[in-house]
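A.B. asks: I have a structure here, written as structure tokens, and I will follow up with some questions on it.
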Amino acid sequence: MSVNAANDVQLVGNVIVQATDGVNITASARPARIGNTIDTTSGTNVNLSTATAVVIRANQIAGGGTGIAIGSGTSGQITDNDIALTSFGVNISTAFTGAIRGNRIHSGGIGVQYAAAADLSANLIYDNATGVVATVNSTSGGLGYVAGSVPITSSATPPASTSPG
């Protein structure tokens, strides 16, 4: 599925399975992808390029390839997603303006490829061969240095649920 040069598109509650690629969002303002299930066989589940004020929230993203690929000129919020991929969970190849928070990124080769500045905070990154590969060496764009970032914690497994009872 492709969203190209379309503003205010809402993709809500869809199921995309057995596709090579999931959703490509290009040159679009304010697209929202909420509550979808995407399970690709390879390729990229969610590909963002020149997408501004994007909202990627509460999605189940799984399968082969890359979960979310962040390309040039992209901004918005990527929150509360469950991302389980065989290659990369989240690939930040160019700077992302906005928060990447509250996601569960697991069961992949590399949980997060951090190759450009992004507010990557408060995510659960676990059960990957490698949790985070960070190649940005800077006190302004490096992992944990981007304005708005909150401390990063590491765990081999997700924290245990603490339900009342």
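A.B. asks: Is it the case that region 23-35 has a residue that's basic (Lys, Arg) and part of a loop (DSSP other than H, G, I, E, B)? Break it down stepwise before answering.
C.D. replies: The initial filter retains those residues of region 23-35 that are basic (Lys, Arg), namely 30, 33.
So of that shortlist, the ones also part of a loop (DSSP other than H, G, I, E, B) come out as 30.
Looking through region 23-35, at least one residue is basic (Lys, Arg) and part of a loop (DSSP other than H, G, I, E, B).
A.B. asks: Looking for something under 15 Å from Ile56 (Cβ atoms) and without any contact (Cβ under 8 Å) to a residue 24 or more places away in the chain - is there at least one such residue anywhere in region 124-137?
C.D. replies: Going residue by residue through region 124-137, those that are under 15 Å from Ile56 (Cβ atoms) are none.
Checked against the condition, which is being under 15 Å from Ile56 (Cβ atoms) and without any contact (Cβ under 8 Å) to a residue 24 or more places away in the chain, region 124-137 yields no hits at all.
A.B. asks: For region 1-52, which residues satisfy the criterion of being of a type in the set (D, E, K, R) and closer than 15 Å to Gly71 by Cβ? Give the derivation first.
C.D. replies: Keep residues of region 1-52 that are of a type in the set (D, E, K, R), which gives 8, 21, 30, 33, 39.
Within region 1-52, Asp21 is the sole residue that qualifies.
Read the figures in this text as sums done on the coordinates, not as results from a lab. Note that this is a predicted model, so its numbers are computed, not measured. As a convention, Cβ positions derive from the backbone with ideal geometry for all residues, glycine included, and neighbour counts pool all protein chains shown.
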